[in-house]
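The structure appears below as structure tokens.
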Amino acid sequence: MQDAYSVGPSAGRERDGNACAGSAAVRAGTPGLDGVDDLASLQTRLGHQFSDATLLKRALSHASIGNHSNERLEFLGDRVLGLIVAERLYAEYPQDNEGGLAVRLNALVRREACAKAAEEAGIGPHLIMAGSESASGGRKKQAILAGACEAVIAALYLDGGFQAAKNFVLRYWDEAFASLAPELRDAKTALQEWAQSGVLKPRAQPVYMMTERSGPDHAPMFTVEVRIPGYEPETGRGSTKRDAEQDAAKRMLHRLDIWKG
């Protein structure tokens, strides 16, 4: 038996492209089935009134509902987001080479940045998903929020053009752009380059090992240890293994006085 659909407060619902009837869907908040009026407040926060509201509803539909989910839109939105961010970075950091721009781009389009934008835009309560997914905290899961954010960007692009998508990204990524460090560099890459530069005899490769995973599924915390022969290991923490590895590498770089400050 297919799982019941769930939508959050003030959100619409659909199944196979049509409004769901009956009581199978788990609902909370303002009544309403077509989702157009329900999504008015969200459209205001997105900065765009959709001429095709089904695009927005599709963008909000998690894969747990089966067909007609937001996965294809997520694919497109990832590319649109990358272009918008790359364009601004190209204009704001004229002295950065390709590698430097790439590091900044990766910091701004990663899952955490997308999930934060989704939270600030209030996308979570409007997600359409299976009741079991909603009950397990799906509306707060970082991966789901990030995917929905990218799908919404694609929907904005398809319905309102590049400028509609760009306005959303520049609005909800403004703080992320502002917080980029003036000299941003990938810590793992820097540590590896140092370890293989000839300073160590013989040259060595940093080795990373996860030592702990804690916290709930929707907000995990990873602890990673980095080791280089001849040196005491260093520990880092982060909400993803990648973040924890970067943190460990950064701490090692600072401890070895390779990175200052």
Only one residue in Ala130, Ala155, Ala146, Ala165 is free of Cβ contacts under 8 Å to residues at least 40 places away in the same chain and hydrophobic (A, V, I, L, M, F, W, C). Which one? Ala146
Only helices (runs of 4 or more DSSP H) wholly contained in segment 172-261 count here; list those with 1 or more residues that are farther than 26 Å from Cys114 by Cβ and of a type outside the set (Gly, Ala, Ser). 187-195, 241-255
Report every pair of residues separated by at least 6 positions or lying on different chains whose Cβ atoms are under 6 Å apart, first residue within segment 55-74 and farther than 16 Å from Leu42 by Cβ, second of a type outside the set (Gly, Ala, Ser) and surrounded by fewer than 20 Cβ atoms within 10 Å (Cβ to Cβ). Ala63/Glu71
Does Arg110 qualify as being at negative phi, more than 14 Å from the chain's Cα centre (by Cα) and in the same structural domain as Ala53 (by TED's automatic domain parsing)? no
Restricting segment 72-94 to residues that are more than 23 Å from Leu60 (Cβ to Cβ) and of a type in the set (Asp, Glu), the one modelled with the highest pLDDT turns out to be Glu87
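The values are calculated or read from the model by the stated rules, or taken from the named source; none is laboratory data. Note that this is a predicted model, so its numbers are computed, not measured. Glycine gets a Cβ as well: all are built from the backbone with ideal geometry, and neighbour counts include every protein chain shown.
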